[in-house]
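Undergrad: Provided herewith is a single structure, encoded as structure tokens, for subsequent inquiry.
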Amino acid sequence: MTRSKIHVLPAALRNQIAAGEVVERPSSVVKELVENSIDAGSSQVDVTVERGGQGLLAVRDNGFGISSDELNLAVTRHATSKISDVEDLSAITSFGFRGEALPSIASVSRFKMGSCTADAQEGWFINVEGGEVVDEGPTVMPAGTSVEVKDLFYNVPARLKFLKTESTEARRCNQVLFKISLANLETGFSFISNGREQFRLPPNQTLPDRLAVFWPRNICESLLTFSHEAGEMKVSGCAGIPSLAQGRGDRILMFVNGRPVQDKLLLSAIRGAYKGRLISREYPQAVIFLELPPDLVDVNVHPAKMEVRFQDERSIYSIIHNGISQALSRYELGVVEGLDT
Ligand code: ADP
Ligand code: MG
């Protein structure tokens, strides 16, 4: 290979490279857009996908919107309204903060965003193709934000090849939205795939009510709800009774400060609480929400923020373990007392 001069890459190409980390597949787009909607204080978020999100992927919300003069910035890399200085990084309360999602998505799709703030006369839209702004102007729309992503990865054939079938990708979008909905019970959500409504969740549901839309009835009816505090930390959620444990581990969902995470420590704490109550290779159902001061957890480990790092792993383990095992003991005690009478 002959050596070329070192040069700074053009913005569109930089965004495409960054997109590789943030936007792996249609469901990552759903996650980023819906998290933006929640950060914007929306009480209703509607998601539509066609052809598993490869044809169209649209998210519309009724949040506080973006003013017309800022819409261009919203699709600019490292532009965010959510943090300002390095101190903010250690106390993140919003889902977003990197200012990377929209420019990344817009660099690998035909992207259209319209937004209208509550006090504006009219909204503003911007069209971006492969990272280049191709059109913008005024638009008539209700307050909130609407994003349409078409032809995802049309300019990144390598990524397209790695996508699964349309129905698998649609199912992943469905799952991502389902998980986000569990941590945001006050918000209403709907999901439409290929013109068919897959679910509609009214705002202000309880966790068991929301779970009942997705999980079998017998499981939801016997879920034990729990809440447990230790110092500045709190864990709450629902846990399945041991006799309904199953061979599948996909009904264990974990959230840290409202973010869905995949974390071995939390998983082992949950399984630890069921130890001696299940036979091997059985998994319980559990949905746990761990809340702790933002400075005790680092969410800035991974661009998609699925991984987190804890400062004090031991106390995290014990609060979760104790919270769930106490709920299980109370239930077992109740069963025994029930047998006595
Ligand atoms: P981040 O969420 O990390 O700030 P994004 O690229 O996802 O970065 O979004 C950039 C900015 O655009 C956000 O900081 C926010 O100000 C604005 N924005 C994006 N989506 C919405 C939305 N649905 N409603 C209101 N503002 C939004
Ligand atoms: Mg964001």
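None of the figures in this text is laboratory data; all of them are computed from the coordinates on show. Treat the numbers as computed from the prediction; the structure is a model and nothing was measured. Positions of Cβ are generated from backbone atoms using ideal geometry, with glycine treated the same way; all protein chains shown enter the neighbour counts.
Undergrad: Straight-line reach only, C-alpha to C-alpha below 13 angstrom: list the aspartates and glutamates that K164 could link to, leaving out same-chain residues fewer than 8 apart.
TA: Answer for K164, where 13 Å is the Cα cut-off: E24, listed by chain and number.
Undergrad: Right, here's the next one. Assigning unit charges at the beta carbon (Lys, Arg +1; Asp, Glu -1) and nothing else, what dipole magnitude in debye, to the nearest 20, does segment 1-148 show about its Cα centre?
TA: Using Cβ point charges on Lys, Arg, Asp and Glu, segment 1-148 gives about 700 debye.
Undergrad: Another one. Where does the longest stretch of the chain lie that holds no trypsin sites (Lys or Arg not before Pro) found in a DSSP loop with 13 or fewer other Cβ atoms within 10 Å?
TA: Counting only loop sites that pass the neighbour cut-off, the longest clear stretch is 6-163.
Undergrad: To test your reading of the geometry: what angle, between 0 and 90 degrees and rounded to tens, separates the Cα axis of helix 313-340 from the longest principal axis of the chain?
TA: Tilt of helix 313-340: around 40 degrees.
Undergrad: For each pair in K5/K112; K179/K275; K31/K150, compute the distance between the two Cα atoms and list the pairs where it is over 24 Å.
TA: Violating the 24 Å Cα-Cα cut-off are K5/K112; K179/K275.
Undergrad: How many nm separate the modelled label positions at A120 and L160, each set 7 Å beyond the Cα in the direction of the Cβ?
TA: 3.3
Undergrad: How tilted is helix 11-22 with respect to the longest principal axis of the chain? Cα atoms for both, answer in degrees (0 to 90, nearest 10).
TA: Tilt of helix 11-22: around 10 degrees.
Undergrad: Mind sorting I92, I279, I192, I270 by how few other Cβ atoms lie within 10 Å of their own Cβ, fewest first?
TA: So the ranking, lowest neighbour count to highest, is I279, I192, I92, I270.
Undergrad: Where the only charges are on Cβ atoms (+1 Lys, Arg; -1 Asp, Glu), what is the dipole of the chain about its Cα centre, to the nearest 20 debye?
TA: 1500
Undergrad: Around D119, with a cut-off of 15 angstrom between Cβ atoms, what is the net charge of the other residues, counting Lys and Arg +1 and Asp and Glu -1?
TA: Net charge in that neighbourhood comes out at -3.
Undergrad: Label points 7 Å out from Cα along the Cβ direction at T76 and L278: separation in nm?
TA: 5.0
Undergrad: Using 0.36 nm times the number of residues separating L89 and S318, minus their current alpha carbon distance, what extension gain do you get?
TA: Stretched out fully, the L89 to S318 stretch lengthens by 79.8 nm.
Undergrad: Right, next: Pick out, in residue order, every one of the GluC sites (Glu not before Pro) in segment 147-194 that is DSSP loop and has at most 12 other C-beta atoms within 10 Å; say none if there are none.
TA: E186
Undergrad: Between F153 and residues 5 or more places away or on another chain, which pairs have amide H atoms under 5 Å apart, with H built 1.01 Å from N, and which residues are they?
TA: Those lying under 5 Å, H to H, from F153 are S109.
Undergrad: Choose one of A158, A212, I126: the residue whose Cα lies farthest towards the positive end of the charge dipole of segment 124-229 (beta-carbon charges +1 Lys, Arg; -1 Asp, Glu; about the Cα centre).
TA: A212
Undergrad: Where in segment 86-168 are there chymotrypsin sites (Phe, Trp or Tyr not before Pro) that are in a DSSP coil and have at most 16 other Cβ atoms within 10 angstrom of their Cβ?
TA: Qualifying residues, ordered by number: Y154, F162.
Undergrad: Give me the dipole magnitude in Debye, nearest 20, for segment 214-340 about the Cα centre, with unit charges on the beta carbon: positive for Lys and Arg, negative for Asp and Glu.
TA: 440
Undergrad: Taking the number of other C-beta atoms within 10 Å as the exposure measure, put V335, V29, V156 in order starting with the fewest.
TA: Going from least to most buried by this count: V335, V156, V29.
Undergrad: To the nearest 10 degrees, how steep is helix 26-39 against the longest Cα principal axis of the chain, on a 0 to 90 scale?
TA: For helix 26-39, the angle is close to 80 degrees.
Undergrad: Ignoring everything except DSSP H segments at least 4 long, calculate the 222 nm mean residue ellipticity for the chain; use -39,500 (n - 2.57) per segment, divide by total residues, nearest 500.
TA: Per the formula, -9500 deg cm²/dmol.
Undergrad: For E307, E50, what ranking results if the residue with the fewest other Cβ atoms within 10 Å of its Cβ goes first?
TA: E307, E50
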